[in-house]
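Only one structure is covered here, and it is reproduced in the block below.
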Amino acid sequence: MNRDPYLLFKTHPCSHGLSEQACREIADAAEVVVADPGQAIHRRNEPMTAVFLIVHGRLKQDVYDVQGRVVLTRYQIAGAQFGGISAALGEPMPIDCVASDPSTLLRFDYASCLELTKRHDQFQLNWLRILANSIKTNLFHDRSPVRARMVAFFHQSSNTRPLTTQLLERLDSLGEAPCLLTDDPDRRPLKNIRSRVAPSEGEGQLGPEEIRRLIGEWLADSQRIVCELAMSYDFQRAGNLVEVCEQVFWCVTVENWQASIPVLKRLLDRSPGWRNKINVVWLLDNEEAPLAPGLRELVARDFKICRSALLPEQGKVLSFGIQRLIQFLRGVQIGVALGGGAARGMAHLGVLKALEQNGIIIDRIAGTSAGAMTGIVYGSGMDVDYAVDRFVNDLRPSWFFRNLPRGEHWYLLYKYRTGQFDPMLRKYLRSSCLEQLPLPVHSITVDLVTGQAVTREKGDAVHGILESINLPVLSSPINREGKALVDGGLINNVPADVLVSRGCNFVIAVSVTTKMQHEFARNRPDTPTARMKKASTLQTVLRSYLVQSVNMNSIGVQPADIVIEPDVSNFQLTEFAKTDQLSAVGEETALGSIQQIKQQLSHLDDRLYPAP
């Protein structure tokens with residue numbers, strides 16, 4: 001296929017604001033490089049004499065130390081550049097750069113590129129902006145939104161086609177003015193949306209080069225091109241579109257998802273790295289997304305969109321699927337880290353309710369101990385108020401324990417020792433797996449075999465809770481798959497770092513163990529030695545857990561953008577029956593932070609989250 005440097009350059013951000021004459025002059029100085037996966041672009045310790053604009057695909061860079069060890073691996077995607085700084089330094093660099101996916105690059109001799117930036121101020125400005133963004137991302141770990149300029153939606157059937165319309169209209173309302181390339185000649189025109197038809201066979205009215213020309217023309221004055229195609233679209237052309245698109249969405253239903261597997265396998269045979277940009281979108285009608293064995297291994301992530309009216313016990317989390325997809329397209333990913341704290345962690349439910357009611361759409365949750373329990377219950381789609389009522393009812397000690405001294409302590413021990421948490425939680429979560437939940441949730445536990453934290457993001461949801469709340473001494477370690485699992489608070493009590501590692505660029509951390517009363521077993525700092533009470537074993541274990549949690553908060557919470565700290569220090573660690581009161585404290589505290597959260601989110605995207 002002929003690849004015109006001018007058409008390729010027009011699709012790169014370096015062309016923004018340049019005249020046609022300037023674009024042609026710059027493109028004439030470029031050499032088109034088409035790289036297969038694994039092909040070297042630059043080898044370490046060789047001099048860099050050229051710079052590259054990444055038009056399509058993805059490059060992997062390994063940075064080596066003086067001993068020849070890889071100390072950093074990073075990826076660069078379409079719209080970026082490679083080699084600008086190295087070429088300017090004029091000395092060999094310890095960097096290997098290879099194509100991770102099929103990639104199309106424009107190669108410029110450094111001296112020629114330097115001359116072009118002198119002749120065209122806008123080209124120089126564009127180039128410097130891309131360099132600055134690269135430095136900001138890699139050096140300062142900047143989490144600014146990165147928006148895919150070209151996305152594709154493949155539809156297994158016409159049932160999912162309305163999704164593209166919803167997304168286009170929402171993107172338009174956010175000021176994007178997206179353009180549509182569709183395979184449907186009978187598609188209803190959309191207001192403010194320019195569109196063209198891509199034929200599935202032959203050159204027709206829109207051949208490969210014309211598509212490139214159209215992309216260059218549209219990207220000059222539009223922020224986004226959306227392609228929608230039937231899954232049965234000509235495979236070779238579909239593969240070409242997957243190559244040039246930065247994100248791909250496979251739209252399926254419970255009835256037809258299996259048909260996607262052979263098509264996706266063929267695509268990944270062409271480039272295994274494409275898995276990183278392929279996503280499944282489930283359209284559901286009050287049903288759970290299937291485990292879909294064979295499909296999930298072929299994609300990076302999935303989105304669940306519920307089209308049915310909510311049942312009384314179901315929460316708004318089920319109705320936010322479209323908004324989450326929009327946030328992903330806009331480069332905004334909001335994570336909430338919920339810390340451990342035994343019964344005090346029930347305050348998390350109120351925080352989640354306050355965020356939900358104020359339009360803060362959560363994309364991902366990570367929870368430790370009680371944070372894992374509340375997070376998974378919320379992520380399953382359960383209404384917060386319903387969840388609070390169920391916890392109050394299910395965790396209220398029976399008459400026998402209520403009439404025992406320290407009855408709540410003994411009741412909690414009884415629940416642990418007799419395995420009561422599993423059947424209690426299964427009444428609501430049944431056999432659901434974490435990967436089936438409407439909202440992605442990660443639970444944190446600790447493996448005593450390796451001494452390392454374990455992050456669960458798939459597998460039985462109830463197991464994810466039980467492993468994370470498994471307090472040592474109260475219960476034996478849970479042995480599973482070569483691991484001996486106990487409460488995650490031993491290592492990472494507020495796992496904000498887990499969310500950042502999963503791509504969240506705005507993280508809200510919730511800690512219920514920041515504040516601690518200076519009293520233990522009715523002993524205070526000024527209690528005379530002769531009057532000090534002897535603590536029970538259970539009191540000692542729980543207090544030790546709390547002290548450790550307070551001191552562990554600073555580890556995982558560091559990357560958080562904002563920390564919410566409900567003061568629940570007046571509640572005992574065993575008072576789960578007071579979930580309603582704890583939730584109310586969490587809600588009130590979170591409401592006091594809403595303005596600050598929205599203010600910070602407006603810096604990421606002031607269209608999605610206007611400044612208050």
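The values are calculated or read from the model by the stated rules, or taken from the named source; none is laboratory data. For clarity, every value in this text was computed on a predicted model and none was experimentally measured. Here the Cβ is made from the backbone with ideal geometry for all residues, glycine too, and neighbour counts use every protein chain on show. In case anyone asks, the SASA skips ligands and DNA or RNA and just uses the protein heavy atoms, side chains included. Shrake-Rupley method; radii C 1.70, N 1.55, O 1.52, S 1.80 Å.
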Could you say whether any residue in region 347-361 is within 30 Å of Asn279 (Cα to Cα), in contact (Cβ under 8 Å) with a residue 12 or more places away in the chain, polar (S, T, N, Q) and touching a strand residue (DSSP E or B) at 6+ places or on another chain (Cβ under 8 Å)? no
Which count do you get for residues in region 564-612 that are open to solvent by 40 Å² or more (accessible area, probe 1.4 Å) and without any contact (Cβ under 8 Å) to a residue 60 or more places away in the chain? 13
Regarding Ile491, is this residue at pLDDT below 90, among the β-branched types (Val, Ile, Thr) and either within 16 Å of Asp447 (Cβ to Cβ) or under 18 Å from the mean Cα position of the chain (by Cα) (or both)? yes
Given the criteria surrounded by 17 or more Cβ atoms within 10 Å (Cβ to Cβ), modelled with pLDDT of 90 or more and β-branched (Val, Ile, Thr), does Thr182 qualify? yes
Quick check on my filter: what residues within region 1-20 are hydroxyl-bearing (Ser, Thr, Tyr) and open to solvent by 30 Å² or more (accessible area, probe 1.4 Å)? Ser19
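Just to verify a result, which residue in region 155-179, among those that are small (Gly, Ala, Ser) and without any contact (Cβ under 8 Å) to a residue 24 or more places away in the chain, is surrounded by the fewest Cβ atoms within 10 Å (Cβ to Cβ)?
Ser158
From the list Val51, Val71, Val98, pick out the single residue that is touching an Asp or Glu at 6+ places or on another chain (Cβ under 6 Å) and among the β-branched types (Val, Ile, Thr).
Val71
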Please enumerate the residues belonging to region 443-465 that are of a type in the set (A, V, I, L, M) and open to solvent by 30 Å² or more (accessible area, probe 1.4 Å). Leu448, Val449, Ala453
Within region 88-111, considering residues that are hydrophobic (A, V, I, L, M, F, W, C) and open to solvent by 10 Å² or more (accessible area, probe 1.4 Å), the one farthest from the chain's Cα centre (by Cα): Ala111
I'd like to check something: does region 564-579 contain any residue that is among the basic types (Lys, Arg) and modelled with pLDDT of 85 or more? yes
Quick one: is Pro189 in contact with a strand residue (DSSP E or B) (Cβ under 9 Å, 6 or more places away or on another chain) and exposed (fewer than 12 other Cβ atoms within 10 Å of the Cβ)? yes
Answer residue from region 288-312, given it is among the small types (Gly, Ala, Ser) and under 26 Å from Asp385 (Cβ atoms) and is most open to solvent (accessible area, probe 1.4 Å) among those: Ala309
For region 250-266, how many residues are under 17 Å from Thr160 (Cα atoms) and assigned to a helix (DSSP H, G or I)? 4
Reported set for region 194-224 where residues are open to solvent by less than 20 Å² (accessible area, probe 1.4 Å), part of a loop (DSSP other than H, G, I, E, B) and modelled with pLDDT of 75 or more is Ala198, Ser222, Arg224
Check region 356-363 and report whether any residue there is over 20 Å from Leu437 (Cα atoms) and in a helix (DSSP H, G or I). yes
Here the residues within region 316-363 that are among the aliphatic types (A, V, I, L, M), open to solvent by less than 10 Å² (accessible area, probe 1.4 Å) and within 14 Å of the chain's Cα centre (by Cα) are Leu325, Ile326, Leu329, Val332, Ile334, Val336, Ala337, Ile362
Residue identified as modelled with pLDDT of 90 or more and open to solvent by less than 10 Å² (accessible area, probe 1.4 Å) among Ala148, Ala152: Ala152
Is it the case that Ala289 is in contact (Cβ under 8 Å) with a residue 60 or more places away in the chain and either touching a Leu at 6+ places or on another chain (Cβ under 7 Å) or part of a helix (DSSP H, G or I) (or both)? no
